[in-house]
Each structure stands twice: as structure tokens, then as C-alpha cells.
Amino acid sequence: MPYSKQENQPKLATTAVQAGINADANHRAVVAPIYLSSTYALKGFNEKGQFDYSRTGNPTRATFAQAVAELEQGSVGIVTSTGMSAVHLLCQLLNPEDTVVIPHDCYGGSYRLFTHLAKRGLFKVLVVDQNNEQALASALASHPKLVLIETPSNPLLRIVDIEKIAQASHQVGALVAVDNTFLSPALQQPLLLGADIVFHSTTKYLNGHSDVVGGVLVTKEQALGEQLAWWANCIGITGSAFDSYLSLRGLKTLAVRLKQHQENATQVATFLQAHAAVNKVYFPGLADHPNHDIAQRQQYGFGAMLSFELKGDVDAVKTLFAELKLFTLAQSLGGVESLISHPSTMTHAGMELEAQLAAGISQSLIRISVGIEDIDDIIADLEQALTASQVTANTNVKNSKPSAHSGQKLSPAFNGFW
Ligand SMILES: *Cc1c(COP(=O)(O)O)cnc(C)c1O
């Protein structure tokens, strides 16, 4: 699995580490201080300083915003309270007569937000499989204002061609926004591929330590960035100073974390693919992944998210989860610790079972966010749990228990509150 290194990658590690370093003129603090103050004194009557009120502007948040803007090679960075509020900020670009095109397999929360606001008449939404050229072309023929791209997708790690979709979208005058949460700028830089906006749930790889919920949005052009920054202040969704401080701290190790994350993920993918308990592995780094070539072209690496189909029914899945010791059964991704999840009852519980199956999400599909623990421990934990899962699978086959695919309905663990 080749790993193509872009010229700008060493610079990326430097930018991430150096963000805010040695910038404190007051006390010469090496690390950027955290400014919790909600308000800032005027210099004099009707004479504002650089900051006046922390919803509008905050020095800690500004340092983090600028760091991500530099990493994405854009003009303006806007730090928001959550990843979803970054998506909500995008919605401010849309008027009732405007159409937004969203991918059919985008993040569930984004799908919910766009479809529910469209139901209230705030704008029109078209849900499209962007790898289906005809479907995409007919959606673009309606002259959308905004095209949303998310690649790789969750949980099947499908990849779409950002450059191609951006070109086609620009031809009809649409703006292009890319959700880059699954890779981070260390592995993919959508603005360089033609996107106008890139955004993240910083909750995931950018902060990387599972202790912040946050978002960030970066625009290529200054004017669009200023327009969105105006809206972020207007609707009050800017991120807190404390979260910005933690995220800035997390960002410093982005390059080394991702290097180790994906080194481990590659080994996990190879291990799973060869394992008798596994039917199929979804990882863009594998040569048999249907979009492997696009991933190779537009990404600097294959990331650390993967999914696989376990042999056996849902009882085998339950045994696997019960036996795992190092992996935590939890939502979210991108933290240093390895997480495992069951899309059908967790992230995609809001979808009907039939819709899940149509989207390729079976009840034996399991998603992993590969952490940066020692790879031997990760593999050993998976090995023993996979072996145990097959004892359950074989027992159920002997007792000819109906399989999970034959209409058995699982109760969702999260009631759609993802
Ligand atoms: C988590 C996530 C979001 C939403 O971010 P929050 O920080 O949870 O609000 C959006 N897009 C993707 C791809 C995500 O994984």
C-alpha cells in the first residue's frame, strides 16, 4: 500500500506544532495562553481594541482558527461549538429558492439537519449518490447553490473524486464544501482540489483526544470567510476558549498521530482481510477497494477508519464486543484510543433496517477507529475476540437460529440522537 507524501507535508507538521508558539508579548509565554475573559476593555471612548466580546472574537479561538486555516491552505478559519454547528453555518448561505446537493451517505447528523430544514422550507435539498455520474449531472442541472461532499464516507469508506465534482459544480455556479473530518488536512486538502470551503468536526482527528466537541470551517476566499464569520457571530455558534485551547494542543501532534494511526490501521486491515472470521474489509488502502485509485490520487494516506463484515449473525457480533478488552464500544472516532462500533444500532440507528441494508449496512458490519496503542496489543485483542465470536456463530448455525438478515429487528441503542 503506497503512501504518497506531498511536498507540503513537512511544512504541515511545522505549522501544527508552531501554532501560537512564542506569540505572547506580555510575558513571553512559549505556549499560547488561554483567554477565558468574556469581554475586553475598550482603548478609550469609541475606540475598540482587536477584541471586544468573546462571542465575536477571542484570542485563543483566533489562534486555533488561524492554525487550521493555514493547515488547509485557506484564508479564513471559523471555529464553531460543534461539528454540526459548522454544518449549520453553511446553511446560512442558502435562501428558500436555493438548492443544496448532499451525498446519500453523508454523516447522519448532516443528513438530518439538511433534510429537516428543507422540510421547513428554508431551502431545497437533493440527496445524491455522487459516484453515480448521471444522478450527479441531473442534480447539478437544477443549478444548486451549494454542493456538499464527504469523503471517505461513513461507515463504508466510499471515496468520491473531489476535483471532478468541484469542477462540475463550479460549471453550474455552485459553491463546494467538503467535510474533511475522516482524514484531516494531514491526509487530504480539499481546497487544493478545488473546494471553496472545507470543514471538520474537530471532535475527531484535529483535537484527537476525545475530550472536546467542536467544529471548524475554512474558506478559500477571504470574502466568503468574512460573510460566514459574520453569521457565526450573528447566530452565536462560535467555539469556547477552553475547547480552542485543548484543540490547539491536540493539533500539535496531528502529523505524528496520523502517521501512527494509519500505520496501525493498515496492519489491522491486512490482518482482518486474512482472517477466517471476516467476510469483507472496507478500507481505501486495500487494492480491492472500489475507489482505491481515487484515494491514492487525492489523499496523502488512507486514514485510520475501517469497517468489516463479521462472519455470523448478530449474536456473533455481541460476543465479539463482549470479549474485546482494549477496544471500547463507543460512538465517535479519531481519538488516540481504539474505538469499535456497530453502525446498525449506533451511528445509523435513525435509518430503517431496509434502508440500512440498501445502503450496504448489514447487522454484521463493524466499524473501527484504529488508535495508536501498540499494534501487537491491538491485533492480539482482535484475534481473541474474533475467535470467540466464531464459537457463537457456529453454535447458532448448528441450532439453525434465523440470521439477523432475515428481518429480525434490533432495538437501536441510541434512538437516533447521533
Ligand atoms: C462527528 C461528525 C460530524 C459532526 O460533528 P460533531 O462534533 O459531533 O457535532 C460531522 N461530520 C462527520 C464526518 C463526523 O464524523
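Each value in this text was obtained by applying a stated rule to the coordinates, not by laboratory testing. Since this is a predicted model, take the numbers as computed values, not measurements. Neighbour counts are summed over all protein chains in view; Cβ atoms, including those assigned to glycine, are modelled from backbone coordinates with ideal geometry.
Looking at the stretch 242-339, how many pairs of lysines come closer than 28 Å at the Cα, when each pair is eight or more places apart or spans two chains?
Values: Lys259/Lys280; Lys259/Lys325; Lys280/Lys311; Lys280/Lys318; Lys280/Lys325; Lys311/Lys325.
Lysine pairs meeting both conditions in the stretch 242-339 amount to 6.
Using square roots of five times the C-alpha gyration tensor eigenvalues, list the equivalent-ellipsoid semi-axes of the chain in whole Å, biggest first.
Numbers: eigenvalues 278, 131, 79 Å².
They are 37, 26, 20 Å, listed from largest to smallest.
Antiparallel versus total DSSP beta bridges in the chain: what percent is that, nearest 5? Walk me through the numbers on the way to the answer.
Details: 25 of 42 bridges.
In the chain, approximately 60 percent of DSSP beta bridges are antiparallel ones.
Roughly how many debye, to the nearest 20, is the charge dipole of the chain about its Cα centre, given +1 on each Lys and Arg Cβ, -1 on each Asp and Glu Cβ, and no other charges?
Numbers: 29 positive and 36 negative charges, 116 e Å.
It comes to approximately 560 debye.
Just to confirm a number: summing +1 for Lys and Arg and -1 for Asp and Glu over residues other than Val30 whose beta-carbon lies under 14 angstrom from that of Val30, what do you get? Before the final figure, lay out each step's value.
Values: positive: Arg28, Arg249, Lys252; negative: Asp24.
Local charge sum for Val30: +2.
Assuming 0.36 nm per residue, please report the length gained on full extension of the stretch Lys43 to Lys11 beyond their Cα-Cα distance. Each step should come with its number before you reach the end.
On the way: separation 32, 0.36 × 32 = 11.52 nm, distance 3.74 nm.
In short, 7.8 nm is gained.
By average Cβ neighbour count within 10 Å, what is the ranking of 371-384, 289-302, 61-74 from highest down? Before the final figure, lay out the partial values.
Values: 371-384: 16.9, 289-302: 20.3, 61-74: 24.4.
The densest-packed peptide leads the list: 61-74, 289-302, 371-384.
Cβ neighbours within 10 Å, averaged per peptide: list 118-126, 358-366 in order, most packed at the top. Provide the component values of the computation, followed by the final result.
Numbers: 118-126: 15.7, 358-366: 19.9.
In decreasing order of mean packing, 118-126, 358-366 become 358-366, 118-126.
Any idea how far apart Ile34 and Val256 come out in nm if each label point goes 7 Å out from Cα toward Cβ?
Between Ile34 and Val256, the label points sit 2.2 nm apart.
Relative contact order, percent, of the stretch 12-251 when contacts are C-alpha pairs under 8 Å separated by at least 6 residues? Before the final figure, lay out each step's value.
Numbers: 462 pairs, mean separation 60.2, N = 240.
Taking the mean separation of contacting Cα pairs over the length of the stretch 12-251, I get 25 percent.
For the chain, calculate the relative contact order in percent as a whole number, restricting contacts to Cα pairs under 8 Å that are 6 or more residues apart.
Values: 829 pairs, mean separation 69.6, N = 418.
The value is 17 percent.
Note down the net charge around Leu251, summing +1 for each Lys or Arg and -1 for each Asp or Glu among other residues with Cβ under 11 Å from its Cβ.
Here the charged neighbours net out to +2.
Mind jotting down the three principal axis lengths of the stretch 12-251 based on Cα atoms? Whole angstrom, largest first.
Largest first, the stretch 12-251 extends 60, 39, 29 Å along its Cα principal axes.
What residue among Ala355, Thr319, Ile368 has its Cα farthest toward the positive end of the dipole of the stretch 255-399, where the charges are +1 on Lys, Arg and -1 on Asp, Glu, each on the Cβ?
Most positive-ward Cα: Ala355.
Show me the helices of the chain, taken as full DSSP H stretches, that run 27 Å or more along their long axis by Cα and average -0.5 or above in Kyte-Doolittle hydropathy.
Working: long enough: 254-273 (28 Å, -0.30); 375-398 (35 Å, 0.08).
Going by DSSP H runs, the hits are 254-273, 375-398.
Can you tell me which of 330-338, 247-255, 271-279 comes out highest on packing, and rank the rest after it, using the mean Cβ neighbours within 10 Å? Please list the in-between numbers first.
Working: 330-338: 19.3, 247-255: 23.1, 271-279: 16.2.
The densest-packed peptide leads the list: 247-255, 330-338, 271-279.
If you line up the Cα atoms of the stretch 1-120 on their principal axes, what length do they span on each, largest first, in Å?
Computed over the stretch 1-120, the largest-to-smallest principal extents equal 52, 51, 20 Å.
Pop a pseudo-label 7 angstrom from the Cα along the beta-carbon direction at both Gln331 and Leu117 and give the gap in nm to one decimal.
Roughly 2.0 nm, to one decimal.
Going out from 0 in 5 Å bins, what whole percent of all Cα-Cα distances in the stretch 255-399 drops into each bin?
2, 10, 18, 23, 21, 16, 7, 3, 1, 0
In nanometres, what is the gap between the two model label sites at Ala141 and Asp315, each 7 Å from Cα along Cα-to-Cβ?
Going by the 7 Å Cα→Cβ label model, 5.2 nm.
Grab the other residues whose beta carbon is less than 10 angstrom from that of Asp98, score K and R as +1, D and E as -1, and report the net.
Details: positive: Lys124, Lys145; negative: Glu97.
With Lys, Arg at +1 and Asp, Glu at -1, the neighbours total +1.
Length gain on complete extension for the stretch His209 to Ile21, per 0.36 nm per residue less the alpha carbon to alpha carbon distance?
65.6 nm
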